[in-house]
Amino acid sequence: MATTLPSPPKIGMVSLGCPKALVDSERILTKLRSDGYEMSGNYDDADVVLVNTCGFLDSAKEESLEAIGEAIAENGRVIVTGCMGNEAEVIRKRFPGVLAVTGPHQYEAVVGAVHEAAPVPPSPFLNLVPERDLKLTPRHYSYLKISEGCNHRCAFCIIPSIRGDLVSRRPDAILREAEKLVEAGTKELLVISQDTSAYGVDIKHQPRAWKGGEVRAHMTDLARELGKLGAWVRLHYVYPYPHVDQVIPLMAEGLVLPYLDIPFQHASPNVLKAMKRPANEAKVLDRLKSWRAICPDIAVRSSFVVGFPGETEEDFQYLLDWLDEAQLDRVGAFRFEPVEGAAANLLPNPVPEAVKEERYARIMEKTAAISAAKQQAKIGRTLDVIIDAVDAEDGGATGRSKADAPEIDGEVHLRDAGHMKAGDIVRVLIEDADEHDLFGVEAGLA
């Protein structure tokens with residue numbers, strides 16, 4: 001007589017916030033799947049719903065609270081984790097029915113809460129380790145977290161109070177994870193942390209054995225070794241410390257993508273000082289020139305805050321003039337928003353909301369014009385493009401060039417591409433462009 005196996009509990013997941021939080025979600029789900037749980041794509045059949053929250057801005061907190069409320073309304077059995085988990089009293093006051101609340105990267109605590117809320121029936125057939133980690137991103141690209149926390153104390157940021165000071169992973173552990181990801185089909189590794197340039201500072205750049213040699217816990221050494229794995233390597237959240245100059249030759253050699261994501265935040269010395277950030281904007285302009293001399297195709301993306309307390313019209317115009325000279329490839333802008341616990345909340349001379357909106361519109365207009373000119377200059381060139389999606393009906397495809405990170409930058413739209421598949425890296429002749437996106441055809445079909 002056949003034995004009927006008990007059905008394993010099903011877990012739903014809502015993951016909010018930055019790529020670092022997404023990596024946390026992947027790790028949690030990987031552990032739960034190895035413990036015998038199944039994943040659910042909807043509220044209806046989930047035994048428990050996990051909500052991985054963001055707590056960086058007040059607007060992000062409100063989004064997290066709305067997500068928790070929706071999960072409770074739709075399912076009723078909810079466990080909260082992530083950055084806003086540090087404000088457990090706020091969450092429990094609004095949603096007293098949540099089963100558990102844990103903070104960021106508290107993997108054991110959240111997994112333990114799931115085990116308590118929905119135990120796995122004992123069965124040797126269910127407790128199997130999966131072949132590879134569960135991913136929430138497409139198979140062909142993966143986020144690779146190299147550290148937690150941050151040693152900076154920027155006036156507008158509460159990340160250190162949420163995630164703590166810098167804690168770097170061992171370089172050999174990072175490289176093993178990257179190697180597994182590439183073996184499993186990853187074509188692009190997106191290196192993330194709160195401060196990628198500071199990687200290894202806390203462990204004094206201690207070297208570890210790797211492939212018959214040693215590799216230091218240092219951004220340059222790590223980037224070089226990652227580049228040997230055969231995948232695209234994209235560096236995010238890079239502060240412009242002097243040793244970043246050492247990475248540019250790796251880009252020129254093709255080991256690392258010619259792409260840097262640098263959070264400048266502003267250019268005015270007065271505002272940078274109030275933000276408690278290095279005020280060396282003139283030196284940064286010189287370094288941008290030197291980087292482009294070494295690697296002409298380098299794409300630099302950044303983000304800026306407008307309307308920071310005390311920002312004058314002169315400060316803002318300084319930023320616009322700086323952007324004219326810097327000619328950054330990709331720019332995101334944010335209106336300053338007070339965050340509970342941030343030092344910036346106590347600064348005098350807050351900028352009126354109407355002025356923030358007006359400045360936001362001006363910086364977006366400025367950066368869109370710069371981007372459009374840079375995109376137009378690519379018409380007629382042939383670029384490597386990684387395919388993200390293919391539309392079988394119209395024969396088109398969407399991908400990204402080396403200058404484009406997923407979800408935050410532009411895209412490359414291809415015609416006559418129905419034969420391609422996600423993860424393919426193809427040569428594309430660029431035929432047209434708009435402010436942010438490129439349009440083209442596979443080079444062999446031109």
Among strands (runs of 3 or more DSSP E) entirely inside the stretch 196-244, those with 1 or more residues being closer than 20 Å to Lys20 by Cβ and in contact (Cβ under 8 Å) with a residue 40 or more places away in the chain are 232-235
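So, Leu22, is that one at pLDDT 85 or above, surrounded by 15 or more Cβ atoms within 10 Å (Cβ to Cβ) and not in a loop (DSSP other than H, G, I, E, B) or not?
No.
Here is a list: Gly227, Gly212. Which entry is over 15 Å from Ser147 (Cα atoms), small (Gly, Ala, Ser) and at pLDDT below 95?
Gly212 is the lone residue from the list that is over 15 Å from Ser147 (Cα atoms), small (Gly, Ala, Ser) and at pLDDT below 95.
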The condition of being open to solvent by less than 20 Å² (accessible area, probe 1.4 Å), under 16 Å from the mean Cα position of the chain (by Cα) and closer than 29 Å to Phe264 by Cα holds, among Ile158, Ile146, only for Ile146
Here the qualifying pairs (Cβ atoms under 7 Å; residues six or more apart or on different chains; first in the stretch 298-315 and closer than 11 Å to Val271 by Cα; second among the charged types (D, E, K, R) and assigned to a strand (DSSP E or B)) come out as Val306/Arg335; Gly307/Arg335
All conditions in (1) surrounded by 17 or more Cβ atoms within 10 Å (Cβ to Cβ); (2) in a helix (DSSP H, G or I); (3) of a type in the set (A, V, I, L, M); (4) without any contact (Cβ under 8 Å) to a residue 60 or more places away in the chain are true of Ala354 except (1)
Expected single match for open to solvent by less than 60 Å² (accessible area, probe 1.4 Å), part of a loop (DSSP other than H, G, I, E, B) and either at pLDDT 90 or above or within 27 Å of Ala343 (Cβ to Cβ) (or both) among Ala67, Ala88, Ala46 is Ala46
Test: Ala405 is surrounded by 17 or more Cβ atoms within 10 Å (Cβ to Cβ), over 20 Å from the mean Cα position of the chain (by Cα), in contact (Cβ under 8 Å) with a residue 12 or more places away in the chain and within 30 Å of Thr186 (Cβ to Cβ)
no
How many residues of the stretch 197-216 are in contact with a strand residue (DSSP E or B) (Cβ under 6 Å, 6 or more places away or on another chain) and either polar (S, T, N, Q) or within 30 Å of Gln265 (Cβ to Cβ) (or both)? The answer is 4
Filtering helices (runs of 4 or more DSSP H) wholly in the stretch 264-345 for at least 2 residues that are under 18 Å from Lys366 (Cα atoms) gives 313-326
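Give me the residue from the stretch 91-101 that is aliphatic (A, V, I, L, M) and open to solvent by less than 60 Å² (accessible area, probe 1.4 Å) and, out of that set, nearest to Leu57 (Cα to Cα). Show your work before the answer.
Here is the first cut: in the stretch 91-101, the residues aliphatic (A, V, I, L, M) are 91, 98-101.
If we keep only those that are open to solvent by less than 60 Å² (accessible area, probe 1.4 Å) too, we end up with 91, 98, 100-101.
Working: Ile91: 15, Val98: 22, Ala100: 22, Val101: 19 Å.
Ranking the candidates gives Ile91 first.
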Taking the stretch 414-436 and the residues there that are over 26 Å from the mean Cα position of the chain (by Cα) and assigned to a loop (DSSP other than H, G, I, E, B), the one that is nearest to Glu188 (Cα to Cα) would be Met420
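The values are calculated or read from the model by the stated rules, or taken from the named source; none is laboratory data. Just so it is clear, the structure is predicted and the values come from calculations on it, not from any experiment. Don't worry about glycine lacking a Cβ; one is built from the backbone with ideal geometry, like all the others, and counts go over all protein chains shown. These accessible areas exclude ligands, DNA and RNA; they are computed on the full protein's heavy atoms, side chains included. Shrake-Rupley method; radii C 1.70, N 1.55, O 1.52, S 1.80 Å.
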